[in-house]
Structure formats: C-alpha cells, structure tokens
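*Asks:* One structure follows; several queries about it will come next.
The values are calculated or read from the model by the stated rules, or taken from the named source; none is laboratory data. Here the structure is a predicted model, which is why all the values come from computation and not from measurement. Ideal geometry is used to build each Cβ from the backbone, glycine not excepted, and the neighbour counts take in all protein chains shown.
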Amino acid sequence: MKISVFTKPGCQPCRMTKKFLSEHDIAFEEVDGLEHIDELREEGFAQFPIVKTETDTWSGFRPDKLKALV
C-alpha cells in the first residue's frame with residue numbers, strides 16, 4: 001500500500017505520525033507539504049500532516065486511522 005505523508009517543518013503532529021508509522025514498520029513517503037500547499041488547500045485541508053493512502057485521506061495526528069494501517 002502506498003502511503004504519502006505531507007508534512008511541514010516544526011510540526012509536532014507530523015513527527016508523531018511519522019514516528020507511529022516507523023515504529024510499526026509501515027513504509028511511507030514523506031512529502032514537503034509546503035511545496036503543495038495550494039493543491040492541499042484546494043482539497044480542503046487546513047492542518048498538517050495530511051496522510052494519503054490508496055483508500056483514505058485525512059489530516060492531523062489520527063491514532064485511530066493509523067492503527068487501522070497496522
């Protein structure tokens with residue numbers, strides 16, 4: 001499953017999301033969210049991180065969604 005995590009510098013929820021994925025050996029691609037900020041805003045996102053999987057997309061640190069990936 002492909003997982004992309006859009007992050008920005010200094011983002012605590014971003015670090016927590018990446019830590020969770022790494023600790024559970026879940027491969028992901030980190031993407032600089034600031035390079036895609038206009039696209040992400042158009043999609044309705046207002047906070048980081050933004051996590052996109054093949055079947056779901058969400059923003060913020062979401063342990064419930066992350067646990068479903070394990």
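*Asks:* Residues that are acidic (Asp, Glu), at pLDDT 95 or above and surrounded by 12 or more Cβ atoms within 10 Å (Cβ to Cβ): does the stretch 3-24 have at least one? Steps first, please.
*Replies:* First, the residues of the stretch 3-24 that are acidic (Asp, Glu): 23.
Filter once more, keeping what is at pLDDT 95 or above: 23.
Those still in the list that are surrounded by 12 or more Cβ atoms within 10 Å (Cβ to Cβ) too: none.
No - not one qualifying residue is present in the stretch 3-24.
*Asks:* Tell me which residues, restricted to the stretch 6-21, are hydrophobic (A, V, I, L, M, F, W, C), touching a helix residue (DSSP H, G or I) at 6+ places or on another chain (Cβ under 6 Å) and closer than 13 Å to Gln47 by Cβ. Talk me through it step by step, then tell me what you get.
*Replies:* Keep residues of the stretch 6-21 that are hydrophobic (A, V, I, L, M, F, W, C), which gives 6, 11, 14, 16, 20-21.
Those still in the list that are touching a helix residue (DSSP H, G or I) at 6+ places or on another chain (Cβ under 6 Å) too: 6, 20.
Result: Phe6, single match.
*Asks:* Further, regarding this structure: Quickly run through the stretch 28-44 and pick out the residues that are on the phi < 0 side of the Ramachandran plot, out of contact with any Phe, Trp or Tyr (no Cβ under 8 Å at 6 or more places or on another chain) and either among the hydrophobic types (A, V, I, L, M, F, W, C) or free of Cβ contacts under 8 Å to residues at least 24 places away in the same chain (or both).
*Replies:* Phe28, Leu34, Glu35, Ile37, Asp38, Glu39, Arg41, Glu42, Glu43
*Asks:* Run Asp25 past the list (1) at negative phi; (2) part of a loop (DSSP other than H, G, I, E, B) and report the number of the one that doesn't hold.
*Replies:* (1)
*Asks:* I'd like the full set of residues that are assigned to a loop (DSSP other than H, G, I, E, B), in contact (Cβ under 8 Å) with a residue 24 or more places away in the chain and in contact with a Lys or Arg (Cβ under 9 Å, 6 or more places away or on another chain), limited to the stretch 47-60.
*Replies:* Phe48, Pro49, Thr53, Glu54
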